[in-house]
Every structure is written in structure tokens, then in C-alpha cells.
Amino acid sequence: MSTLKVDTILKRTGTGTITLGQSGDIISIPSGATLNSAGTNTLEGISNTPAFGVTLSGNQSLGDGALTKVTWDTELWDSDSAFASNKFTVPSGKAGKYFFTTMGYVDGIDDGEHFFLSFYKNGVRIFREVGWTSPSADAGMRAMASVTLDLAVSDYIEVYAYQNEGSARNLQSAYSQFSGHRLIGV
């Protein structure tokens, strides 16, 4: 192994691209060193993907007293085509820490009744948003939840909703969304 010690690397003539390494190489920045990308910053290949955002095309009916899987049927964005069949699935080569957030809104929840959203990982409930209790008759209720998870390839995340008003209520499409992205730097 050879060591090249220089203070500045410039292109031979004019401006343009300076290439370090070749396909398959790893360019290492050792612990304690700093990568300073001052100026116009276009760090291609470094991104918080996969990333997705979905919503409902219309209101979804939620039965009384049961967790109901939310049927997210409208993609707003999906960088890696990893969202399908109402769930996000970690694609090959994309294991890591992920941040997810969801929100929803229902009308007509009576005094003392509940509405909440839950995250499910691989079909098992892992996180329930702190339950909301309606403060008055026929109140509209909004719930929001977020979670950071360490996920392996093929793990999948879904959202379920719960309300116990006494009859079916609608999850309002205009105020409901689910999104997530892989975190970098952790």
C-alpha cells in the first residue's frame, strides 16, 4: 500500500470532475477526520432512502372497538418502490434505522370514547400512540404517532386504527397520512 501526501488536488486544466477510485472501491474517511463539503453541496448517493409517503383516496370506515388495518392506497412518493399492499417493506441492502410518522382524524366521537393509531412490525403491534379520549359529544379527534425502529431486510411496517364510539366512524382521507424514511448517520 502506498501513501500519497498532498495539500491540494486540482484538475489538470480548467474545471470538471476529479475521480477518486473506481467502481467497487471504498473511499474511507477515518474516525476523527472531517469531510467538509462547503459550497454547493450535491453529495450524490447519500440520501435518506428508501422514503415514502402515502394517504387515502377516500374516507375509510373503522369498525367499533377493533383495530382496523389502514388501507393506504395513494402514494405521494416512494423512492424505492418499497410501499405496496398497505405496508412498507425494507428492500434488499437497505437494513438500518428508520423513522416513521402517521396521523389520522375521525369525526363524531362521543365523550369518553377513544381513537388511536398503532404501528405494527411484521404483523405484531409494537407501538401504540397515547390514547385520546374525547372531551365532548361528537368531537372530531386527531391522532399522531411517530417511532424510530431498527429494521432488517424484509421487515414490514403497517398502521392500524382504533375507535370505540359505539358504531363505525370514518378515518378522514384529507387528514390522514403515513410516511417514513431510512436515517443516515446513525
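Just so it is clear, none of the values below were taken in a lab; they were calculated from the coordinates. Quick caveat: nothing in here was measured; it's all calculated off a predicted structure. Every residue, glycine as well, gets a Cβ built from its backbone with ideal geometry; the counts of neighbours run over all protein chains shown.
Ranking of ARG142, ARG182 by neighbouring Cβ atoms within 10 Å, starting from the fewest: ARG142, ARG182.
Under a Gaussian network description of the chain, with springs only between Cα atoms under 10 Å, the residue in GLY65, GLY16, GLY108 that fluctuates furthest is GLY16. Note on the chain: Rg/Rh from C-alpha atoms, Kirkwood Rh, equals 1.18. Springs between alpha-carbon atoms under 10 Å, Gaussian network over the chain: tell me which of SER85, SER167, SER28 tops the mean-square fluctuations. Maximum among the listed residues: SER28. With 28 Å as the limit, the listed pairs LYS5/LYS97; LYS69/LYS94; LYS11/LYS97 have LYS5/LYS97; LYS11/LYS97 beyond it between alpha carbons. Here segment 140-175 is scanned for amide nitrogen atoms under 19 Å from the site 7 Å beyond the Cα of LYS69 along Cα-to-Cβ, giving 154-163, 171. Name the residue, out of LEU171, LEU62, LEU20, whose mean-square fluctuation peaks in a Gaussian network model built on the chain with Cα pairs under 10 Å. Residue with maximal mean-square fluctuation among LEU171, LEU62, LEU20: LEU20. Computed from point charges on the beta carbon alone (+1 for Lys and Arg, -1 for Asp and Glu), the dipole magnitude for the chain about its Cα centre is near 920 Debye.
Toward the positive end of the charge dipole of segment 51-182, with +1 on the Cβ of Lys and Arg and -1 on the Cβ of Asp and Glu, the farthest Cα among VAL106, LEU151, VAL124 is that of LEU151. A full extension of the chain between ILE126 and TYR175 corresponds to an added length of 15.3 nm, given 0.36 nm per residue minus the alpha carbon distance. By other beta-carbon atoms within 10 Å, ranking SER176, SER31 with the fewest at the front produces SER31, SER176.
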